[in-house]
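Novice: Dumping the structure here so I can ask a few things about it.
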Amino acid sequence: MKVGIIGAGQLGRMLALAGYPLGLRFVFVDQSPDAPGGQVGQIITGAFDDADALGQLADCTDVITFDVENVPVEAVREIAERTRFLPPVAALESAQDRFVEKSLFGELGIPTPRFERVDDRAGLDAALEKIGLPAVLKTRRLGYDGRGQAFLRSAADVDAAWDRFGDRPLILEAFVPFEREVSIIGVRSVSGETCCYPLSENVHEDGILRYSRSPIADPGLQAAAEAHIRVMMDHLGYAGVLTIEFFVHENHLLANEMAPRVHNSGHWTIEGAVTSQFENHIRAILDLPLGDTASRGHAGMVNFLGELPPLAAVLGIPGAHFHGYGKTPRPQRKLGHCTVVADSGPERDVALQKILALS
């Protein structure tokens, strides 16, 4: 059986690595013939909206998924009608627009920061009257890893942000003085079997995930996050891995955004869970029984940005597992990651600090 993946980045590569032991083969569509997925499968070269490339993918695979959420929805509607396409197009469409996404959270009773739609400068002023400062102005589309957003503290910040983003549809969100950021990763199969991983605590630098730790010893937050993601997956008729990122404020969860795909904050599951998020995504879209999502101990993950640390130094840290993506170095580019698994939280944290010092 062949699985098609739109996007041949590191997430697609890790999906293929998880699927090969199951006897599966993988074909990608990506505009770069040198993308990481090419290390483990065939790449059909083409943009994500290239009808010919997508048609070739549909013709040679049994199911199609994706490793990025900026796949043009109109481009995949046609292939979704002729080949199984999962997660569903509705999930992809909802996650691509921050206003639509936040509105959907609200419809389903999932708390979010206060937000207002912004279509013009008058709309921004009106939104600021309602929400006040500080606030965060974001582009509604194509914003990730800290891109497409500006923190507003004063009127001067408002003018500067409008000069940057005023030509695009926007959303204004209330700034949340959160205690920490967490994410829940859930997985649902075609037939509706559902399970969730332990919450991850995530630390970002310049809008990019730096490291994650799991599990979080807070049963209340875990239960609330699981309830929220199950509601979302059921509503969307979901199949595959879904991630929701939350702010924790006064011990309550406020949904920030969702990703209808395997997620950077779940990389710890490769060695730190009984079944990784990547294998479970493949199982889910093929409607196979889902694997156990329990932790194997106390796990963490560090992203390697811009350059890779010395391999020997990383592997000399007890419990460390090195993952390099084979990408050309570039400032702030995700070139690899390291997971660590330990018997206790303090042991894991010591190892994480050693890895961070190397990177």
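Novice: Report the local net charge at residue 288: Lys and Arg +1, Asp and Glu -1, summed over other residues whose C-beta lies under 14 Å from its C-beta. Provide the component values of the computation, followed by the final result.
Specialist: Details: positive: 84, 188, 283; negative: 62, 193, 279, 287, 292.
For residues surrounding residue 288, the net value is -2.
Novice: Okay, next question. Mind checking the dipole of the chain: about its Cα centre, +1 per Lys or Arg Cβ, -1 per Asp or Glu Cβ, Debye to the nearest 20?
Specialist: 580
Novice: Work out the count of Lys pairs in the chain where the Cα-Cα distance is under 27 Å, with the pair 8 or more places apart or on different chains.
Specialist: 7
Novice: Please compute, for the alpha-carbon atoms of the range 81-213, the extent along each of the three principal axes and give them in descending order in Å.
Specialist: Per principal axis, max minus min of the Cα coordinates gives 51, 38, 25 Å.
Novice: Quick one: 3J(HN,Hα) in Hz for the range 51-57, Karplus 6.51/-1.76/1.60 with θ = phi - 60°, rounded, Gly and Pro as x.
Specialist: After applying 6.51 cos²θ - 1.76 cosθ + 1.60, I find 4, 5, 5, 5, x, 4, 4 Hz.
Novice: With point charges of +1 on the Cβ of Lys and Arg and -1 on the Cβ of Asp and Glu, referenced to the Cα centre of the range 189-263, which listed residue (217, 248, 231) lies farthest in the positive direction of the dipole?
Specialist: Farthest towards the positive pole: 231.
Novice: Pull out a ≥ b ≥ c, the square roots of the eigenvalues of the alpha-carbon gyration tensor of the range 1-86, then state rounded if a/c is under 1.5, prolate if not and a/b is larger than b/c, and oblate in the remaining case.
Specialist: oblate
Novice: How much accessible area per residue does the chain have, counting only protein heavy atoms and a probe of 1.4 Å, in square angstrom?
Specialist: On the way: 14740 Å² over 359 residues.
I get 41 Å² per residue for the chain.
Novice: Sticking with this structure for a sec: If you take the Cα Rg of the range 56-139 and divide it by 2.2 N^0.38 Å, with N the number of residues, what do you get?
Specialist: The value comes to 1.46.
Novice: In the chain, with Lys and Arg counted as +1 and Asp and Glu as -1 at Cβ, which of these residues, 170, 48, 341, has the Cα nearest the positive end of the dipole, that is, farthest along it?
Specialist: 341
Novice: Over the chain, what relative contact order in percent results from Cα pairs under 8 Å that are six or more residues apart?
Specialist: Here the relative contact order equals 14 percent.
Novice: Per q in 0.16, 0.32 1/Å, what log10 I(q)/I(0) does a Debye calculation on the alpha-carbon atoms of the range 48-98 return?
Specialist: Taking Cα atoms of the range 48-98 as identical point scatterers yields -0.39, -1.49.
Novice: Below 11 angstrom from the Cβ of residue 214, what's the summed charge of the other residues (Lys, Arg +1; Asp, Glu -1)?
Specialist: Once positives and negatives cancel, what remains is +2.
Novice: What number comes out for the charge environment of residue 228, summing +1 per Lys or Arg and -1 per Asp or Glu over other residues with Cβ under 14 Å away?
Specialist: -3
Novice: Using only Cα positions of the chain, each an equal point scatterer, no hydration layer, compute I(q)/I(0) via Debye at q = 0.07, 0.09, 0.11, 0.12 Å⁻¹ and quote the log10 values to two decimals.
Specialist: -0.29, -0.50, -0.76, -0.91
The values are calculated or read from the model by the stated rules, or taken from the named source; none is laboratory data. Quick caveat: nothing in here was measured; it's all calculated off a predicted structure. Cβ: placed from backbone, ideal geometry, glycine included. Neighbour counts: every protein chain shown. Only protein heavy atoms, including side chains, enter the accessible area calculation; ligands, DNA and RNA are left aside. Shrake-Rupley method; radii C 1.70, N 1.55, O 1.52, S 1.80 Å.
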